[in-house]
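This report refers to the structure that appears directly beneath it.
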Amino acid sequence: MNCEICNIEYMGTYKNKYCSRECWNKLNYNRRLKDQNKRKRERKSQIVELCGGKCIICGYNKNLRALTFHHRESKEKSFEISDSNLTRPWEVLVQESKKCDLLCANCHQILHEKESLSNKIKSKSQKQKDRKTFLKKKLIDLSGGCCKKCNLKTEYTWCMTFHHIHDKEF
């Protein structure tokens, strides 16, 4: 009998089609990854619904990936609710989500920008960040001053990002 992956002859061992666990893993890795990503999306969808299903500030609910969890008290934060942590036990996720507000990505960034402005201490690195912010504001103004998709216009450059509309050419 030959292995379906490496074609090495073997004596009816691992799952009757493969010579080793390694060959079986090669074949099934992508399937398991897709299944895991599907479970993560389902988990996030369930937790989002548990937290109200929309941004508590602006009401956005169109895209699951754009909804984030903001810890009201950072001192109480056990872990960040993100894709990498959605495989934790359900009870642990629910408990952590109770410490959070559901926000869209824009409102979350604006909230953090306001927090950082209130805690600002000018340092050399802060001056460099200020220069980058100034340049980013100029680029945003040159691009029309608002989001091309939703027409959001904000003074907070933190929540604005640039997306290539054509393939990148360097």
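Every read-out reported here was derived from the displayed coordinates using simple, explicitly stated rules and does not represent laboratory data. All values derive from a computational prediction rather than experimental measurement. Cβ coordinates were reconstructed from backbone atoms using ideal geometry, including for glycine residues, and neighbour counts include every protein chain displayed.
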**Report entry** Karplus 3J(HN,Hα) series, Hz, for segment 71-88 with 6.51 cos²θ - 1.76 cosθ + 1.60 (x for Gly, Pro)
**Finding:** 6, 5, 10, 5, 5, 8, 5, 8, 7, 7, 7, 9, 3, 6, 10, 6, 8, 5
Query raised in the report: Label point 7 Å out from Asn61 along Cα-to-Cβ: which residues of segment 84-112 have amide N under 14 Å?
Result: 102-104
**Report entry** Stokes-Einstein diffusion coefficient of segment 1-84, Kirkwood radius over Cα pairs, 10 °C, 1.306 mPa s, in µm²/s
**Finding:** 96
Query raised in the report: What is the gain in length, in nm to one decimal, between Ala105 and Phe162 on full extension, counting 0.36 nm per residue of separation less the C-alpha to C-alpha distance?
Result: 19.1 nm
Query raised in the report: Each residue of segment 140-150 in turn: what ³J(HN,Hα) in whole Hz from Karplus with 6.51, -1.76, 1.60 and θ = phi - 60°, glycine and Pro shown as x?
Result: 5, 4, 5, 8, x, x, 8, 5, 6, 7, 10
